[in-house]
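Contents: one structure, followed by commentary.
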Amino acid sequence: MSRGLFITLEGGEGAGKSTQARLLAQAIALRGIPVTLTREPGGTAGAEAIRKLLLDPAQQWTPRTDALLFAAARGEHVAKLIEPALGDGEWVVCDRYIDSSRAYQGGHGTLSDDDVMAMHVIGSEGLMPDLTFLLEAESEAVQARLLARDGNDSDRIGGRDASYHVRVAERFREIAASDPTRFVRVDASGSVEEVHARIMQAMAARLGEGG
Ligand code: T5A
């Protein structure tokens, strides 16, 4: 049995990753390919418990603890869900993965990209996706989406100021530029259906549908 394809979706808050991950997994399943849809932080009971700690606004983790907790959650997720599924020949569609840690925890402030990748090697044996979609949308469109969904509520990380998110978007672009074979940058503006169509266009070759 051949190993499954590991696909991740990345980008800032409200770019539409969860929506597009769900649609992509449905499209893959419709073609008769076994697929697991999952997310980070989370995906297993233990990693979901760590997610609660990470997104609790009452906690003030240091940047190092923060990065270690994300790496620990990922380690559980990879060992107990992602790796077994890929080994069984299933495709895995994951809403955020290591590139989120590189963009949010690494590359600026306390930890370098190398630090984050070193934690990834220890926590998850360095497992990298085969294909990563970076969803990029204008911040005005994203704000409107999040306001419509959440009102004024937001989690600890999503609640940070605009300049923080600009830096994160910049980091994502740098990371994508450093690995153009793995990354596909997707214009995430427009309707849900339009964005899905762009992703499916980029998936065509992988699905054996030409294009
Ligand atoms: N984090 C995560 C790290 O710091 N390091 C890490 O290693 C990891 C893994 C996760 C937080 O943790 C941080 C990053 C995050 O801050 P989360 O709640 O999972 O927290 O946050 P997000 O992943 O950003 O989830 P969001 O739900 O906020 O964003 P999505 O998934 O990009 O957007 P989605 O699909 O939920 O859509 C948001 C809203 O917009 C609508 C949807 O219906 C929804 O209401 N929508 C659209 N509306 C109009 N047009 C479209 N094209 C639309 N697409 C979606």
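Worth pointing out:
- Figure note: Leu5, Leu53 ranked by solvent-accessible area, largest first, 1.4 Å probe, ligands and nucleic acids not counted: Leu53, Leu5.
- Fraction of alpha-carbon pairs over 30 Å apart in the chain - percent: 18 percent
- Between the range 168-182 and the range 64-97, the alpha-carbon centres lie 20 Å apart.
- Look at the dipole of the range 34-155 built from charges on Cβ: of Thr110, Leu134, Thr62, the Cα furthest out on the positive end belongs to Thr62.
- Neighbours of Thr181, meaning other residues whose beta-carbon lies under 15 angstrom from its beta-carbon, give a summed charge of 0 when Lys and Arg score +1 and Asp and Glu score -1.
- Rounded to the nearest 20, the Cβ-based charge dipole of the chain about its Cα centre (Lys and Arg +1, Asp and Glu -1) stands at 220 debye.
- Expressed in Å, the radius of gyration and Dmax of the Cα atoms of the range 40-115 are 13.1, 41.
- Of all beta bridges that DSSP places with both ends in the chain, some 5 percent have antiparallel geometry.
- Top of Gln59, Gln20, Gln143 by mean-square fluctuation, Gaussian network on the chain, Cα under 10 Å: Gln59
- Stretch gain in nm, segment Met1-Ala204, where the contour uses 0.36 nm per residue and the Cα spacing is subtracted: 70.9 nm
- Largest first, the residues Thr36, Thr8 sort by 1.4 Å accessible area into Thr36, Thr8.
- Kirkwood-based Rg to Rh ratio, the range 88-211, C-alpha trace: 0.98
- Local charge for Ala144 was computed over the other residues whose Cβ lies under 14 Å away, with Lys and Arg +1 and Asp and Glu -1, and equals -2.
The values are calculated or read from the model by the stated rules, or taken from the named source; none is laboratory data. Since this is a predicted model, take the numbers as computed values, not measurements. Neighbour counts are summed over all protein chains in view; Cβ atoms, including those assigned to glycine, are modelled from backbone coordinates with ideal geometry. The area values use the complete protein model at the heavy-atom level, side chains included, leaving out ligands, DNA and RNA. Shrake-Rupley method; radii C 1.70, N 1.55, O 1.52, S 1.80 Å.
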